[in-house]
């Protein structure tokens, strides 16, 4: 019997197409009159930029979210953020499980490529757990924010409820979209706004598998009374340790460099709170409680590094990811010490994983470097610091800006859109493609050592 051979599509390509299709639909919806507060059509470029920023969970905007978009338009944006955060294939797979009661192997493989799950066997568990984790975190954060907005800021019930929903989804998905033109600067001293949002985007940015693993360990400990945290996976240990170190380093950097600068007008307690928030936000969320345009150039440079590293794998954060950076650091340390193997926490890292990490990191550096060069030519009125900050923020899907986004030319906005899209799906697609294409040759080439350094 003859069988029709369907063209093979790599799961990572399906993920890329899925995100692109979602951006296209979002662009059309946002361009329609009902999406704008003025009830006039929004230009396709502005709609495309906003949709890309939302789906990629970046938060960069060329128009003010609160004044330009209507309630319906804001709802479209928040829906795109939620879809981008949970994942197109993740949502599709979850819907399929609800309808049919099972999950096909093809969708397991595709969801694995999108969510970076360890194996196709644990995709179903992670998808279901991620769904409930998302709902719990977002509802909890929304309740706190809505209550605070109603009590302390005089918002009506409906306004406070919408603020809570919008900020909870934006924070947990590390999107950075805000309902105020100045982001969260008016709430810089409000612990009931800053802390819930911080916890939300930190949890979302650590990585869903890591959070789920921690919950499983806590559940097992409560049932058996035995501590099992020393048995955390290597990914969990790297993500948790790296997150703690980077948040501490970011907080100290902002406090040290901006204590008498951008933080000078705040009381001591608010300075510490703002330093913590701005030390944690660049790696993941993209919210700002102080104006980045008033910060010291060294602070911007340090923020560039935090943004580029990003958060944990299989979460809502961007960047090249903590695990990638940690593996490369471990490989360098091993080389300096003359060790043959790369090890972290007593575990040997396979050479293939080290090569993949190097490829992702190098691809990020190349993408950022080329984009900075292009924008320097297209936007000569802006400084190199401003352009570098904008480009890294876009590639790392952070959303922080020194205030130049709305003033970029159409060509520059397209470049930023490409960076946001690549930042969202690039590392996923790249690593998945590398893993799929790895094969053992039946022969080997002669070895020769070129000079290095």
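The values are calculated or read from the model by the stated rules, or taken from the named source; none is laboratory data. Predicted model only: the values in this text are computed from it and were never measured. All Cβ positions, even for glycine, are placed from backbone atoms using ideal geometry, and neighbour counts span all protein chains on display.
Taking segment 280-293 on its own, how many of its residues are surrounded by fewer than 23 Cβ atoms within 10 Å (Cβ to Cβ) and either at pLDDT 85 or above or under 16 Å from the mean Cα position of the chain (by Cα) (or both)? Going through segment 280-293 one residue at a time, the tally reaches 2. With the requirement that a residue be surrounded by fewer than 23 Cβ atoms within 10 Å (Cβ to Cβ) and under 10 Å from residue 167 (Cβ atoms), what does segment 188-200 give you? 196, the sole residue that qualifies. Out of 95, 113, one residue alone is surrounded by fewer than 16 Cβ atoms within 10 Å (Cβ to Cβ) and either in a helix (DSSP H, G or I) or at pLDDT 95 or above (or both). It is 95. Suppose the filter is more than 19 Å from the chain's Cα centre (by Cα) and either assigned to a loop (DSSP other than H, G, I, E, B) or modelled with pLDDT of 95 or more (or both); does residue 66 pass it? No; evaluated as a whole, the condition is false for this residue.
Taken residue by residue, segment 299-320 has at least one member that is free of Cβ contacts under 8 Å to residues at least 40 places away in the same chain and within 24 Å of residue 402 (Cβ to Cβ). Among residues of segment 375-388 being surrounded by fewer than 24 Cβ atoms within 10 Å (Cβ to Cβ), touching a helix residue (DSSP H, G or I) at 6+ places or on another chain (Cβ under 7 Å) and free of Cβ contacts under 8 Å to residues at least 60 places away in the same chain, the one that is nearest to residue 58 (Cα to Cα) is 387.
Of all the residues that make up segment 218-248, how many are under 28 Å from residue 329 (Cα atoms) and part of a helix (DSSP H, G or I)? Counting residues in segment 218-248 that are under 28 Å from residue 329 (Cα atoms) and part of a helix (DSSP H, G or I) gives 18. Just one of the listed residues (398, 391, 372) is at pLDDT 90 or above, surrounded by 12 or more Cβ atoms within 10 Å (Cβ to Cβ) and part of a loop (DSSP other than H, G, I, E, B), and it is 398. Taking first residues from segment 330-354 that are at positive phi and partners that are buried (at least 17 other Cβ atoms within 10 Å of the Cβ) and part of a helix (DSSP H, G or I), the Cβ contacts under 6 Å between residues at least 6 apart in sequence or on separate chains come to 345/237. Would you check if residue 364 is outside any helix (DSSP H, G or I), in contact (Cβ under 8 Å) with a residue 24 or more places away in the chain, buried (at least 22 other Cβ atoms within 10 Å of the Cβ) and touching a helix residue (DSSP H, G or I) at 6+ places or on another chain (Cβ under 9 Å)? So residue 364 fails the test.
The one condition from (1) within 22 Å of residue 179 (Cα to Cα); (2) at pLDDT 90 or above; (3) surrounded by 23 or more Cβ atoms within 10 Å (Cβ to Cβ) that residue 324 does not meet is (1). With respect to (1) under 15 Å from residue 286 (Cα atoms); (2) in contact with a helix residue (DSSP H, G or I) (Cβ under 7 Å, 6 or more places away or on another chain), the lone exception for residue 185 is condition (2).
With the structure loaded, tell me whether residue 45 is in contact with a helix residue (DSSP H, G or I) (Cβ under 8 Å, 6 or more places away or on another chain), modelled with pLDDT under 95 and surrounded by fewer than 20 Cβ atoms within 10 Å (Cβ to Cβ) or whether it fails that test. Here the answer is no, as residue 45 does not meet what is asked.
Residues in segment 249-292 that are over 26 Å from residue 206 (Cα atoms), without any contact (Cβ under 8 Å) to a residue 40 or more places away in the chain and not in a loop (DSSP other than H, G, I, E, B): 268 alone.
The requirement of being in contact with a helix residue (DSSP H, G or I) (Cβ under 8 Å, 6 or more places away or on another chain), farther than 21 Å from residue 203 by Cα, in a helix (DSSP H, G or I) and modelled with pLDDT of 95 or more is fulfilled somewhere in segment 161-178, by at least one residue.
Considering only segment 261-271, I want to know if a residue exists there that is more than 24 Å from residue 81 (Cβ to Cβ), surrounded by fewer than 17 Cβ atoms within 10 Å (Cβ to Cβ) and in contact with a strand residue (DSSP E or B) (Cβ under 8 Å, 6 or more places away or on another chain). Checked against the condition, which is being more than 24 Å from residue 81 (Cβ to Cβ), surrounded by fewer than 17 Cβ atoms within 10 Å (Cβ to Cβ) and in contact with a strand residue (DSSP E or B) (Cβ under 8 Å, 6 or more places away or on another chain), segment 261-271 yields no hits at all. For segment 132-168, a residue qualifies if it is under 20 Å from residue 69 (Cβ atoms) and surrounded by fewer than 17 Cβ atoms within 10 Å (Cβ to Cβ), and the qualifying residues are 156, 158, 159. With (1) touching a residue at least 24 places away in the same chain (Cβ under 8 Å); (2) closer than 16 Å to residue 271 by Cα as the list, and residue 240 as the residue in question, which single condition is left unmet? Evaluating residue 240 over (1) touching a residue at least 24 places away in the same chain (Cβ under 8 Å); (2) closer than 16 Å to residue 271 by Cα leaves (2) as the failure.
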